[in-house]
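A short worksheet on the structure shown next.
Rule-based calculations on the coordinates, nothing more; no lab input. Everything numeric in this text was worked out from a predicted model, so none of it was measured. Neighbour counts run over all protein chains shown; Cβ positions are idealised from the backbone, glycine included.
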Amino acid sequence: MKIDERINELLEKLEPITLEQMSSIRLMNRTDTKFVTSKEKLAKLLELAQGEYYAQSIDGKKVANYMTTYWDTDDHIFYMEHHNKRAPRQKVRVRTYMDSGVTYLEVKTKNNHGRTKKKRIEVTEHDLTYCGEKEEFVQGLVQRDLDSIHPTVRNQFHRITLVNYGKTERLTIDYDVQFLNYETGQNADVGPLVIIELKRDGNVYSPVLNMLKQLRIKPSGFSKYCIGSVITNRGLKHNLFKNRLVRYSKYANTKF
């Protein structure tokens, strides 16, 4: 059986949970931890998750489709803040939930304590060039006008969302990630690489941490914007990402 078929088969065996049922999961003292692995190990993780986790289901579908466009300045200030490990740092993006067609303009801010906060407003796909609410939203959070930033990198990916039976954590699993760089025109993808993000309420017990440990999947940061930028624009400074790129190449079955 092909690995994608195996993942879908295991996913269908997980008990579904609706968005309405998930609304009770507040995660007021949230901590986020990322992991990078392969589709082969993702299948093994879904095997272990049986009887422990729900799978988010929307209109009967347990795999959601996302498209995100990141905006940056001509000198890539948001990219460089991340590369240079500056905190606090920010990212501006437009995310479309492709199954519903809903689009949000979002600003993500990571503070000095490693916590990330996200603020967003709903927009239509083509209205970001207009002043008004969108201009005030971005300027108020990043102190920049919309005309000083532009689309740089777009990604598309599939997402699975799991929720533990205790409803104290969410697990997002992103795969089949593809990139398009608007500045260079280059396309790229990460092959069978999988990005997992655990979002839980403080340091409460997490069933999946034992599963990840059993599969030897270790914590590893992964910024879709930064990695997508690097592999589609080699002119960017990326010396601090070189070791990560070597490690990610192992899961992607290609050299970044």
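FRET efficiency for the Asn187 to Glu40 pair, using the beta carbon distance and R₀ = 35 Å, is estimated at 0.90. For a straight C-alpha distance cut-off of 18 angstrom, the lysines reachable from Lys108 (same-chain residues fewer than eight places away being disregarded) are Lys34, Lys85, Lys91, Lys117, Lys118, Lys119, Lys134, Lys199, Lys224. Computed from the coordinates I sent, Kirkwood radius over Cα pairs in Å equals one of [x] 18.4; [y] 19.2; [z] 21.1. Tell me the label. Entry [y]. One Cα centroid belongs to segment 133-181, the other to segment 75-120; the line between them spans 6 Å. Here the spin labels are modelled as points 7 Å beyond Cα on the Cα-Cβ line, and at Met80 and Asn8 they lie 4.5 nm apart.
Calculated from DSSP H runs of 4 or more alone, at -39500 (n - 2.57) each and per residue, what is the 222 nm mean residue ellipticity of the chain, nearest 500?
Working: 8 runs with 71 residues, N = 256.
Counting only the DSSP helices, I get -8000 deg cm²/dmol.
Taking other residues whose beta carbon is less than 13 angstrom from the beta carbon of Glu136, and scoring Lys, Arg as +1 and Asp, Glu as -1, yields 0. Computed about the Cα centre, the dipole magnitude for the chain is approximately 1440 debye when only Lys and Arg (+1) and Asp and Glu (-1) carry charge, each at its Cβ. When both segment 1-72 and segment 235-256 are represented by their alpha-carbon centers, they are found 25 Å apart. Relative to the longest principal axis of the Cα atoms of the chain, helix 3-13 runs at roughly 70 degrees.
What FRET efficiency would be calculated for the residue pair Tyr104, Glu20, taking the C-beta separation as r and a Förster radius of 30 Å, to the nearest 0.05? Could the numbers behind the result be given before it?
On the way: r = 19 Å, r/R0 = 0.65.
FRET efficiency, Tyr104 to Glu20: 0.95.
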